[in-house]
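Read through the structure below, which is laid out as structure tokens, and then see the notes.
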Amino acid sequence: MHANHARTPFDLGAALKDAGLVAGIVVLLTVALVGARVQDISSGPPVVFRFDDVIAAALLAFVGRFAIALLRGGRPRPVLIAALAFALGLSAILVHGVTSAGPGLTRLLPFASPVINWVIAIAAWILSARAAWLQWHATSTLDAEAREAREARMDRLGAMVQTWARFFGPLLLGVAVVLPFLPGIDRRLLDIAILVVTYIMLGWGLNIVVGLAGLLDLGYVAFYAVGAYSYALLALYFDLGFWTCLPFAGIMAAFAGILLGFPVLRLRGDYLAIVTLGFGEMIRIILLNWYTFTNGPDGLSGIPRPTLFGLPFTANPPEGQASFHSFFGLEYSPLDRIVFLYYVILGLALVTNLFTLRIRKLPVGRAWEALREDEIACRSLGVHPRNTKLTAFAIGAMFGGFGGSFFATRQGFVSPESFTFIESAMILAIVVLGGMGSQIGVVFAAILLIGLPEVFRELNQYRMLAFGLAMVAIMVWRPRGLLAHREPTVRLADHAPGAADAAPEMRT
Amino acid sequence: MGYFLQQLINGLALGMIYGLIAIGYTMVYGIVGMINFAHGEIFMIGAFISIITFLVLGLVGVGWVPLALLIVLVATMLLTSVYGWALERVAYRPLRGSPRLAALITAIGMSIFLQNYVQLLQGARNKPLQPVITGGARFLEGGDFTVTLSYLQMLIILVTIGLMVGFTMLINRTALGRAQRACQQDLGMAALVGIDVDRTISLTFVMGASLASVAGLMFLLNYGVIDFYIGFLAGVKAFTAAVLGGIGSVPGAMLGGLLIGLIEAFWSAYFTVEYKDVAAFAILVLVLIFRPTGLLGKPEVEKV
């Protein structure tokens, strides 16, 4: 195989030129925004310069691009040696910097920020791993053929996951049910779990709109907000409890969905996206400015917590009333409330999932999926496009409303700040990254996008940066979503029995 | 009367800024058929590069305003257009031919990335800039309301008109413009007759970004303060302008921008300031319901 390497020609000049070009572009990109920082304090110079970062970025871009060119040209050995040396050196300095105080070797680091340095070190490790792979396997993973093979592999994986979901779905559910009682679960992890399950529920709700009906909704947070404020206002004005308000909140959100959907649902895909985005912002601005009703930017506080059949989770219940711990004769623990909240949202999420799974098999659910595939064909077959879409929109909105009222009761406080566009983008990203229409994909995507960043809270600054980058990277890598695998919910009867061996070929 | 005239001037200046951003949306949509959601962030980056250049020039001691303005204009157009180019190259080109939704998701991802990138590098606080151009011409001084047409507003209007003229000529007269119009009609056919489609699309992004950067510079001069979040709202409004004017049509984008600017100015003047953004969104919804092709757009034929 080494002879094989030698035979492929390698144009050193072109590779150097290309790397130089990339380095030049990096300089142009970074010279102003990275190279100079506008100072916030009025004393001292208005800008400080950080050109060393620009130079480091350009050098790294040059070397990295050249290394990739070498790999593509079938010359992995020098890359392997250089990348490995660099990765080892950088990691050693970083570890040294962590363990011992004082400047010393850390002056050699390319950037001031340790996180970026770690990212660079990891990139170098990945580069050396890839070079090692090429050195000993001699197949490039970069050309089109390999890309297609990878696509097919991932498609198969998606199909497999969906087949296996039947088995490990219940397993996952089992883990979710016993999660609060597992060893090592503390308050913080439970809070993260509640957050993740909330997003799973919202993802499943939006999946009805985006995944099943194929309507791109960028303003899902509006219904979330309607649900949250419905509950908060009902509770504060009429002194109602969580369980009484929950259906109302859902109905209000569904109503908002119908109100918005009625005029706009005949629009084409991306127009619909922008209109829903506008609607989401409108709701937020109205909540922000209608001070007499919604208390404006100050938000609403003192929203009552949910109760278990009328049993509150307080340490000292009002006179003559039992609370959870006194009723069951338990020691009071503040964790009880969190565990209860966890089960509430888990229940809501499961209801959403069950509903989706069942409604897919009903005529209206089939009509959604048919509309997503071909609207014109549907119309000629007598499916009313607008009414059908409207049901999807309203039902999706209703689950958003449920999620919203859970949010309100969990926080005990709502303000317009919680309902910005970024929330909509996050929920949509969960649905799309998981592979639209895939219920289990939503779970994985939510764990990936919400759970991981929450665990790494220390990297708070870089959280959203990485989030945006991950959205781009996953889409470029897998444009139809991580576990995208579109299989019709209903098949012709002769497919199911007997024809099982023919089924793999029939998949699209 | 005086008050009305003043709002008209303010609205025109504002509308010019929206129009410049809207051109980027409309051209990209016309050629690639996608909403470049990150275009608002390109505008924001243009504004940031402008403020940095202004401050650096102040540090170096370039005091003469016209020269400083010229340098800032060139610098921000050049550097921001590199961002436009890189955006297309990294996030959109690999997805050409993928489902529409995928491109929209990467666009949203890029938008989030760029916002946080600027926030991380430049800090989250507002960045103020001392007024660069002051003074103006006064009219109707004897009446109940003195109308001021500031030199800054004159500059905004003149520069925008100049850019529009140049840009229209570029599209109508040059080979690049011809290639762009061909790509707009049919990408595959354009490639068949020997047009470098990749290059044309890249240059479209470059042009859109440089126009947006000029809008960013003017926004900075007009308001005197920017932050990393300005791109979102301005982007949505400019997109509204592009839809209002008829997406795909360059004069339509300018017209839509002017209308949005005027509506915003008059709404703030005669109704409530708080709900001016709601007004812009409401217009978008109304236009899409009653005239989805916009004012100057061509109707889209639905093929089976």
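The values are calculated or read from the model by the stated rules, or taken from the named source; none is laboratory data. Computed from a predicted structure; not experimentally measured. Every residue, glycine as well, gets a Cβ built from its backbone with ideal geometry; the counts of neighbours run over all protein chains shown.
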Legend entry - Of the criteria (1) at the interface with another protein chain (Cβ under 9 Å from one of its Cβ atoms); (2) surrounded by 15 or more Cβ atoms within 10 Å (Cβ to Cβ), which one B:L59 fails: (2)
Legend entry - Every pair of residues 6+ apart whose Cβ atoms lie under 8 Å, when the first sits in segment B:218-230 and is over 13 Å from B:I133 (Cβ atoms) while the second is part of a strand (DSSP E or B): B:F219/B:I226; B:V225/B:K127; B:V225/B:P128; B:I226/B:K127; B:D227/B:K127
Legend entry - Odd one out for B:G123, checked against (1) at the interface with chain A (Cβ under 7 Å from one of its Cβ atoms); (2) without any contact (Cβ under 8 Å) to a residue 12 or more places away in the chain; (3) farther than 15 Å from A:M464 by Cα: (3)
Inset, instruction - Mind telling me which of the residues A:F419, A:F406 ends up being more than 14 Å from every other protein chain (Cβ to nearest Cβ), at pLDDT 85 or above, surrounded by 19 or more Cβ atoms within 10 Å (Cβ to Cβ) and under 18 Å from the mean Cα position of the chain (by Cα)? - result: A:F419
Inset, instruction - Name every residue in segment B:177-219 that is among the aliphatic types (A, V, I, L, M) and not in a helix (DSSP H, G or I), in order of residue number. - result: B:V193, B:I195
Inset, instruction - Report yes if A:I200 is β-branched (V, I, T) and more than 23 Å from A:L390 (Cβ to Cβ), otherwise no. - result: yes
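Here is a yes/no grid of residues against (1) under 13 Å from A:Y342 (Cα atoms); (2) among the hydroxyl-bearing types (S, T, Y):
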{"residue": "A:L172", "(1), (2)": "no, no"}
{"residue": "A:P180", "(1), (2)": "yes, no"}
{"residue": "A:P183", "(1), (2)": "no, no"}
{"residue": "A:L206", "(1), (2)": "no, no"}
{"residue": "A:L215", "(1), (2)": "no, no"}
{"residue": "A:Y224", "(1), (2)": "no, yes"}
{"residue": "A:Y231", "(1), (2)": "no, yes"}
{"residue": "A:F238", "(1), (2)": "no, no"}
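Counting only residues that are touching a residue at least 12 places away in the same chain (Cβ under 8 Å) and more than 17 Å from A:A273 (Cα to Cα), which one in segment B:271-290 is nearest to the other protein chains (Cβ to nearest Cβ)?
We begin by selecting, within segment B:271-290, every residue touching a residue at least 12 places away in the same chain (Cβ under 8 Å); these are B:276-277, B:279-281, B:283-284, B:287-288.
Those left that are additionally more than 17 Å from A:A273 (Cα to Cα): B:276-277, B:279.
On the way: B:K276: 9, B:D277: 6, B:A279: 10 Å.
Looking at the filtered set, the residue picked out is B:D277.
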Legend entry - Scope segment A:185-213; condition of a type outside the set (A, V, I, L, M) and more than 17 Å from A:V351 (Cα to Cα); matching residues: A:D186, A:R187, A:R188, A:D191, A:G211
Legend entry - Given (1) part of a helix (DSSP H, G or I); (2) within 11 Å of chain A (Cβ to nearest Cβ); (3) out of contact with any Pro (no Cβ under 9 Å at 6 or more places or on another chain), number of the condition B:G231 does not satisfy: (2)
Inset, instruction - Give just the number: which of (1) in contact with a Gly (Cβ under 7 Å, 6 or more places away or on another chain); (2) modelled with pLDDT under 90; (3) assigned to a helix (DSSP H, G or I) does B:K237 not satisfy? - result: (1)
Legend entry - Filter result for A:A61 (under 21 Å from A:W118 (Cβ atoms) and in contact (Cβ under 8 Å) with a residue 24 or more places away in the chain): yes
Legend entry - Filter result for the condition that a residue is away from chain A (no Cβ under 13 Å) and either under 17 Å from B:G30 (Cα atoms) or among the β-branched types (V, I, T) (or both), over B:V250, B:V236: B:V250
Inset, instruction - Among the residues of segment A:268-278, write down those that are over 21 Å from the mean Cα position of the chain (by Cα), within 7 Å of chain B (Cβ to nearest Cβ) and modelled with pLDDT of 80 or more. - result: A:V275, A:G278
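So which residues in segment A:467-480 are surrounded by 20 or more Cβ atoms within 10 Å (Cβ to Cβ), more than 7 Å from chain B (Cβ to nearest Cβ) and part of a helix (DSSP H, G or I), if there are any at all?
Kept after step one, since they are surrounded by 20 or more Cβ atoms within 10 Å (Cβ to Cβ), are these residues of segment A:467-480: A:467-468, A:471-472, A:474-475, A:478-480.
From the residues that got through so far, the ones that are more than 7 Å from chain B (Cβ to nearest Cβ) too are A:474, A:478.
Passing the criteria: only A:I474.
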Inset, instruction - Just one of (1) more than 9 Å from every other protein chain (Cβ to nearest Cβ); (2) surrounded by fewer than 20 Cβ atoms within 10 Å (Cβ to Cβ) trips up B:W85, so point out which. - result: (1)
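For segment B:99-110, how many residues meet the condition of being at the interface with chain A (Cβ under 7 Å from one of its Cβ atoms) and crowded, with 18+ Cβ neighbours inside 10 Å? Walk me through how you get there before you give the answer.
As a first pass, look at segment B:99-110 and keep what is at the interface with chain A (Cβ under 7 Å from one of its Cβ atoms): B:99-102, B:104-106, B:108-110.
From what is left, the residues that are crowded, with 18+ Cβ neighbours inside 10 Å are B:101-102, B:104-106, B:108-110.
So the answer is 8.
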Inset, instruction - Output yes when any residue across segment A:450-467 is assigned by TED's automatic domain parsing to the domain that holds A:L234, at pLDDT 80 or above, aliphatic (A, V, I, L, M) and closer than 22 Å to A:E151 by Cα, and no when none is. - result: no
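Yes/no matrix, rows are residues, columns are (1) surrounded by fewer than 19 Cβ atoms within 10 Å (Cβ to Cβ); (2) away from chain B (no Cβ under 14 Å); (3) within 29 Å of the chain's Cα centre (by Cα); (4) touching a residue at least 12 places away in the same chain (Cβ under 8 Å):
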residue: A:Y229; (1), (2), (3), (4): no, yes, yes, yes
residue: A:A232; (1), (2), (3), (4): no, yes, yes, yes
residue: A:F238; (1), (2), (3), (4): yes, yes, no, no
residue: A:F242; (1), (2), (3), (4): no, yes, yes, yes
residue: A:M252; (1), (2), (3), (4): no, yes, yes, yes
residue: A:R266; (1), (2), (3), (4): yes, no, yes, yes
residue: A:E281; (1), (2), (3), (4): no, no, yes, yes
residue: A:L287; (1), (2), (3), (4): no, no, yes, yes
residue: A:D298; (1), (2), (3), (4): yes, yes, yes, yes
Inset, instruction - Of the numbered conditions (1) at pLDDT 85 or above; (2) within 13 Å of another protein chain (Cβ to nearest Cβ), A:F62 fails exactly one; give the number of that condition. - result: (2)
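Confirm whether A:L190 is at pLDDT 85 or above, under 20 Å from the mean Cα position of the chain (by Cα) and within 21 Å of A:I474 (Cβ to Cβ).
Values: at pLDDT 85 or above: yes; under 20 Å from the mean Cα position of the chain (by Cα): yes; within 21 Å of A:I474 (Cβ to Cβ): no.
No: the conditions fail for A:L190.
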Legend entry - Residue in segment B:91-107 that is farthest from A:G214 (Cα to Cα), counting only those that are touching a residue at least 60 places away in the same chain (Cβ under 8 Å) and either of a type in the set (A, V, I, L, M) or in contact with a Lys or Arg (Cβ under 7 Å, 6 or more places away or on another chain) (or both): B:A107
Inset, instruction - Would you point out the residue of segment B:67-81, among those that are facing another protein chain (nearest Cβ under 8 Å) and surrounded by fewer than 22 Cβ atoms within 10 Å (Cβ to Cβ), that is nearest to B:F54 (Cα to Cα)? - result: B:A75
Inset, instruction - Among the residues of segment A:15-37, count how many are among the small types (G, A, S) and either without any contact (Cβ under 8 Å) to a residue 40 or more places away in the chain or not in a helix (DSSP H, G or I) (or both). - result: 4
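Residue check: is A:I430 within 12 Å of chain B (Cβ to nearest Cβ) and either aromatic (F, W, Y) or in contact (Cβ under 8 Å) with a residue 60 or more places away in the chain (or both)? Even if it seems obvious, please write down each step before you answer.
Numbers: within 12 Å of chain B (Cβ to nearest Cβ): yes; either aromatic (F, W, Y) or in contact (Cβ under 8 Å) with a residue 60 or more places away in the chain (or both): yes.
Considered against the rule, which asks whether it is within 12 Å of chain B (Cβ to nearest Cβ) and either aromatic (F, W, Y) or in contact (Cβ under 8 Å) with a residue 60 or more places away in the chain (or both), A:I430 comes out as yes.
Working carefully through the options B:F37, B:F43, find the one that is facing chain A (nearest Cβ under 10 Å), under 19 Å from the mean Cα position of the chain (by Cα) and buried (at least 23 other Cβ atoms within 10 Å of the Cβ). Reasoning before the result, please.
On the way: B:F43 fails: facing chain A (nearest Cβ under 10 Å).
Just one listed residue meets the conditions, B:F37.
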Inset, instruction - Among the residues of segment B:1-33, write down those that are within 14 Å of chain A (Cβ to nearest Cβ) and outside any loop (DSSP other than H, G, I, E, B). - result: B:A22, B:Y25, B:T26, B:V28, B:Y29, B:G30, B:V32
